[in-house]
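Encoded as structure tokens, the structure appears first; notes follow it.
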Amino acid sequence: MNKKSIETVFSKKSDHWQTPERLYNLFNEYAFYDPCPYMSKKDNLKEKWQPYCFINPPYSQIKIWINTIIEKLEKNEIEVLYLLIPSRTDTKYFHRLVSLPYKIDVVFIKGRLKFSNSNSAPFPSCLIRIQRDINIIGIVTYYLDLEETLYFIKLSEKILCNERKENERK
């Protein structure tokens, strides 16, 4: 990575990366709550969240958002969460996330995402899916392009929807 790319990734100019439109629209289609909408001035960290969330946090505040996510998971306030973050597997926050006692899927997205408000990102991205499920604990990793990632989300939510319907019948 050249000096300019490093400065962009870690500068205040790159704090908000607007979620790729197709990805964001898919989460809206499944009625996922976004406590951190692009360029929002509202502090939703302390607010009550809905059980199904999608978060693309300001990257300078990832640790704060992850601490809040973990707190809300422990309080059973979140059922399913998708988190779009830079793929920085060497960070403490990444290790905290993937070691949580829940069903965790990590999708390493091939190539560089093109965020809606910029050119391609100067960093790789990953989408982490955390599902509170008393029957399944563990981590599964995938290496998918954006199209495959969209399919993964659709399939995961279809399965979850079927599981909820099955549990309601019992």
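Remarks
- On Cα atoms only, tilt of 62-74 relative to the major axis of the chain in degrees: 10 degrees
- Surface share of carbon and sulfur [accessible, 1.4 angstrom probe, percent] for the chain: 51 percent
- Heavy-atom SASA rank of Leu26, Leu144 (probe 1.4 Å, accessible area, largest first): Leu144, Leu26
- Distance between the pseudo-spin-label points of Glu163 and Asn67 (7 Å out from Cα toward the beta carbon): 3.0 nm.
- The listed residues Asp34, Asp90, once ranked by accessible area (1.4 Å probe) with the largest placed first, stand as Asp90, Asp34.
- Here the relative contact order of the range 91-149, from alpha carbon pairs under 8 Å that lie six or more residues apart, stands at 45 percent.
- Largest to smallest in accessible area, the residues Lys154, Lys75, Lys92 fall in the order Lys92, Lys75, Lys154 (1.4 Å probe, all protein chains included).
- Zero-based 10 Å bins, Cα pair distances in the range 61-141, whole percents: 17, 50, 27, 6, 0
- Separation of the alpha carbons by more than 26 angstrom is noted, of Lys63/Lys158; Lys63/Lys103; Lys72/Lys165; Lys75/Lys110, for Lys63/Lys158; Lys75/Lys110.
- For the range 104-148, the percent of C-alpha pairs falling in each 5 Å distance bin, counted from 0 to the bin holding the largest distance, reads 5, 20, 23, 20, 12, 10, 6, 2, 0.
- Rh by Kirkwood over Cα pairs, then Stokes-Einstein D for the chain at 1.002 mPa s and 20 °C, µm²/s: 129 µm²/s
- Cα-based Rg / Dmax (Å) for the range 35-75: 9.8, 28
- GNM flexibility winner over the chain from Pro58, Pro20, Pro35 (Cα, springs under 10 Å): Pro20
The values are calculated or read from the model by the stated rules, or taken from the named source; none is laboratory data. Please read these numbers as outputs of a predicted model, since none were measured by experiment. Here Cβ is always computed from backbone atoms with ideal geometry, including for glycine, and neighbour counts include all displayed protein chains. With ligands, DNA and RNA removed, areas are computed over all heavy atoms of the protein, side chains included. Shrake-Rupley method; radii C 1.70, N 1.55, O 1.52, S 1.80 Å.
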